[in-house]
Amino acid sequence: MLLGAITIAFVGSVSSFAQQPISSEKKSLISEFRTLTGANNVDGSINLSPDSIRQVFTAIIEQDKEVSEEQRVELRKSADEATARVYKAGQDSVADKAEIIELSEKVIYQIYDRAFTESELKELVAFYRTATGQKASRFLRDLSSQVQKEFGEVIQVKLNNVLQPAIQIEIEKLKQKIKEAKAKVVN
């Protein structure tokens, strides 16, 4: 539920992230092929949006029909504060650009590893304009979306470890504030 509510520029699965290590020779061939094809630039940018996080908190407030409009206004401020805290936790968890680039590079190498054998990579490096080179051309058209998909899931796991507990804490705080607001009306 949580990560469905968080908008990041990536989606996908990590089931393929845990693979056997790639041989150093194959990794070298992949690096050379990426350089030759201009596919060696990784910027490590991630787009995390507070809007979806805010929606989680405001939905709780809006669903409670016993809270007055005046109380809702005050509780929305609490929801905004909770959103800011959770959003900051998410940003902090992906702030290390070097770590993000390293994770991205691992995903990229695994995609190439699945797509090409060592022999094919040797041919690609030597004969980029051959039939094997044409295969590489088709592959490269889809590479960006594959990286986004698979890297997105890796980041989702990282964010989930930080955001899930933070959102749960903030939900409990918000529920307590709702309870306190209702108690004020009774008194």
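Bear in mind these aren't lab numbers, they're just calculated from the coordinates by the rules spelled out. None of the values given here were measured: they were computed from a predicted structure. In this analysis, Cβ positions are derived from the backbone assuming ideal geometry, glycine residues included, and neighbour counts consider all displayed protein chains.
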| field | Selected from Val42, Val56, Val147 as most flexible by GNM, with the chain as the system and alpha-carbon contacts under 10 Å | value | Val42
| said: Residue by residue through the stretch 156-162, what is 3J(HN,Hα) from phi via Karplus (6.51 cos²θ - 1.76 cosθ + 1.60, θ = phi - 60°)? Round to whole Hz and write x for glycine and proline. | reply: 4, 4, 4, 5, 4, 4, 8
| task | Check each of the chymotrypsin sites (Phe, Trp or Tyr not before Pro) in the stretch 40-128 and keep only those in coil by DSSP with at most 15 other C-beta atoms within 10 angstrom; list them in order. | result | Phe127, Tyr128
| Top of Gly38, Gly152, Gly90 by mean-square fluctuation, Gaussian network on the chain, Cα under 10 Å | Gly38
| request: Could you run the Karplus curve 6.51 cos²θ - 1.76 cosθ + 1.60 with θ = phi - 60° over the stretch 90-105 and give me ³J(HN,Hα) per residue in whole Hz, x for Gly and Pro? | output: x, 4, 4, 6, 10, 7, 6, 4, 4, 5, 5, 5, 4, 4, 4, 4
| task | Would you list, by chain and number, the lysines whose Cα falls below 22 Å from the Cα of Lys77, excluding same-chain residues fewer than 8 positions away? | result | Lys65, Lys88, Lys173, Lys175, Lys177, Lys179, Lys182, Lys184
| task | Between the alpha-carbon centers of the stretch 105-173 and the stretch 78-104, tell me the distance in whole angstrom. | result | 21 Å
| said: Need the list of lysines near Lys27 for cross-linking: C-alpha distance under 16 angstrom, and skip anything on the same chain fewer than eight residues off. | reply: Lys106, Lys122
| task | In a Gaussian network model over the chain where Cα atoms closer than 10 Å are linked, find which of Leu48, Leu75, Leu36 has the largest mean-square fluctuation. | result | Leu36
